[in-house]
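Asks: Before anything else, here's the structure in question.
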Amino acid sequence: FDKWLQRGTDKWNYDLRDSACEWVIENIDLMMSYLPNTYPRVIKKGVINDTLLYSSIIMASIATVIVTVAAFVVFRYRTHRVMKSSQVEFLYLLLVGTFFVSTGSLLIAAPPSNISCVAAPWVINLGYTLELVPLIVKVGTINQLMEAARKMQHIVIQRKYLFTAVMLVCGLVALFMTVWTALDHPHKQ
């Protein structure tokens, strides 16, 4: 630090920078001792773990099939009282979101291409949005109903409001993904 306190050693007024560089040069062995033994890392291209690849494709395929079967079951029993009280439209949104996420996991597990590199983040982010936002909206609506019941008030909840909230958030996610894709286009490396 004595060199830091000396002024006028560099004619362009880079005294502090010059003294820091000199310290690094004098203590290069100490600096190198802090680097990990694996530095710099060597990335091996083309090495694919077949077991992991195939197991992830199988799991994603099973998830996709389960979601598809669940969608058919919901469609088949949509007129039953339990399904009507569960609001079939929101169940469909949840199932579409889950289908998107399982499809996105298939895209990630598949060999990379420029299309899959762009599609996977889109499908997964929209899928999680369609999974979680309807749940959050329904829980918020139930909380609103419970609060009104506690105060002995009567409120009317319109489905239009619920779907508007879900579609607004989905629109924001789609806008974010559009800007992200436009500014930093994912591509195969």
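The values are calculated or read from the model by the stated rules, or taken from the named source; none is laboratory data. Note that the coordinates shown come from a computational prediction; the quantities given were computed from them, not determined experimentally. Backbone-built Cβ (ideal geometry, glycine too); neighbour counts: all protein chains shown. We work out accessible area using only protein heavy atoms, side chains counted, and drop any ligands, DNA or RNA first. Shrake-Rupley method; radii C 1.70, N 1.55, O 1.52, S 1.80 Å.
Asks: Kindly indicate whether any position in region 141-155 is among the hydroxyl-bearing types (Ser, Thr, Tyr), more than 20 Å from residue 186 (Cβ to Cβ) and surrounded by 15 or more Cβ atoms within 10 Å (Cβ to Cβ). Spell out the reasoning first.
Replies: So the first thing to find is which residues in region 141-155 are among the hydroxyl-bearing types (Ser, Thr, Tyr), and the list is 141.
From what is left, the residues that are more than 20 Å from residue 186 (Cβ to Cβ) are 141.
When the remaining residues are screened for being surrounded by 15 or more Cβ atoms within 10 Å (Cβ to Cβ), the result is 141.
Yes - at least one qualifying residue is present in region 141-155.
Asks: Counting only residues that are of a type outside the set (A, V, I, L, M) and free of Cβ contacts under 8 Å to residues at least 24 places away in the same chain, which one in region 156-165 is least open to solvent (accessible area, probe 1.4 Å)? Give the derivation first.
Replies: Initially, region 156-165 is screened for residues of a type outside the set (A, V, I, L, M), giving 158-161, 163-164.
If we keep only those that are free of Cβ contacts under 8 Å to residues at least 24 places away in the same chain as well, we get 158, 160-161, 164.
Details: 158: 112, 160: 153, 161: 138, 164: 80 Å².
Looking at the filtered set, the residue picked out is 164.
Asks: Read through the list (1) more than 28 Å from residue 85 (Cα to Cα); (2) not in a helix (DSSP H, G or I), then give the number of the only condition that residue 153 fails.
Replies: Single failed check for residue 153: (1).
Asks: Check every one of the helices (runs of 4 or more DSSP H) wholly within region 17-98 and list those with 3 or more residues that are in contact (Cβ under 8 Å) with a residue 40 or more places away in the chain and open to solvent by less than 70 Å² (accessible area, probe 1.4 Å). Break it down stepwise before answering.
Replies: Details: elements: 28-33, 50-76, 81-85.
Those helices (runs of 4 or more DSSP H) span 50-76.
Asks: Would region 85-108 turn up any residue that is modelled with pLDDT under 85, out of contact with any Lys or Arg (no Cβ under 6 Å at 6 or more places or on another chain), more than 22 Å from residue 55 (Cβ to Cβ) and not hydroxyl-bearing (Ser, Thr, Tyr)? If you could, list the steps in order and put the result at the bottom.
Replies: At the first step, the residues of region 85-108 found to be modelled with pLDDT under 85 are 85-87.
Subsequent filtering for residues that are out of contact with any Lys or Arg (no Cβ under 6 Å at 6 or more places or on another chain) retains 85-87.
Checking which are more than 22 Å from residue 55 (Cβ to Cβ) leaves us with 85-87.
Then keep just the ones that are not hydroxyl-bearing (Ser, Thr, Tyr); that gives 87.
Yes - at least one qualifying residue is present in region 85-108.
Asks: Out of the residues in region 14-59 that are aromatic (Phe, Trp, Tyr) and modelled with pLDDT under 80, which is nearest to residue 107 (Cα to Cα)? First the steps, then the outcome.
Replies: The first filter runs over region 14-59 and keeps only residues aromatic (Phe, Trp, Tyr), leaving 14, 23, 34, 39, 54.
Still in the running and modelled with pLDDT under 80: 14, 39.
Numbers: 14: 52, 39: 32 Å.
In this case the residue turns out to be 39.
Asks: Does residue 107 satisfy being crowded, with 17+ Cβ neighbours inside 10 Å and farther than 20 Å from residue 172 by Cα? I'd like the intermediate steps shown before the answer.
Replies: On the way: crowded, with 17+ Cβ neighbours inside 10 Å: yes; farther than 20 Å from residue 172 by Cα: yes.
When the stated conditions are applied, residue 107 passes them.
Asks: Are any residues in region 159-186 part of a loop (DSSP other than H, G, I, E, B) and more than 17 Å from the chain's Cα centre (by Cα), and if so, which ones? Before the answer, list the steps.
Replies: Step one: list which residues in region 159-186 are part of a loop (DSSP other than H, G, I, E, B), which gives 184-186.
If the condition is that a residue be part of a loop (DSSP other than H, G, I, E, B) and more than 17 Å from the chain's Cα centre (by Cα), then no residue fits.
Asks: Could I ask something else about it? Suppose we filter region 114-138 for residues that are open to solvent by less than 80 Å² (accessible area, probe 1.4 Å), more than 15 Å from the chain's Cα centre (by Cα) and of a type in the set (A, V, I, L, M, F, W, C); how many remain?
Replies: Quick first cut of region 114-138, residues open to solvent by less than 80 Å² (accessible area, probe 1.4 Å) only: 116-127, 129-131, 133-134, 137-138.
Okay, now just the ones that are also more than 15 Å from the chain's Cα centre (by Cα), so 116, 134, 137-138.
Next cut, of a type in the set (A, V, I, L, M, F, W, C) only: 137.
The qualifying residues number 1.
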